[in-house]
Amino acid sequence: MNKNTDQLSYFGAFMTFIAGLTINDWAAIFGILFGVVTLFINWYYKQKDYELKKQELETGEQHGKKTH
């Protein structure tokens, strides 16, 4: 078969799949996506917070300060 025909066939199948999704399916898909994105954003900022706190402790110990 022709390369363009193959691509058009796959595109048609994809569009048929997309058209068959209900609003509930879309809500579930986007809910999962937003949950995963939120997880990674929280992980990123918790990691930065951890690094800053670790740096503060190391800096305080070098200057002879007690943080507790």
Filter result (part of a helix (DSSP H, G or I) and either of a type in the set (Gly, Ala, Ser) or touching a residue at least 40 places away in the same chain (Cβ under 8 Å) (or both)) within the range 1-42: Ser9, Gly12, Ala13, Ala19, Ala27, Ala28, Gly31, Gly35
Across the range 1-50, what is the number of residues that are modelled with pLDDT of 95 or more and charged (D, E, K, R)? 4
Give me a count of the residues in the range 1-39 that are surrounded by fewer than 10 Cβ atoms within 10 Å (Cβ to Cβ) and charged (D, E, K, R). 1
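The values are calculated or read from the model by the stated rules, or taken from the named source; none is laboratory data. All values reported here derive from a predicted model rather than from experimental measurement. FYI the Cβ positions are ideal-geometry reconstructions off the backbone, even for glycines, and counts take in every protein chain you see.
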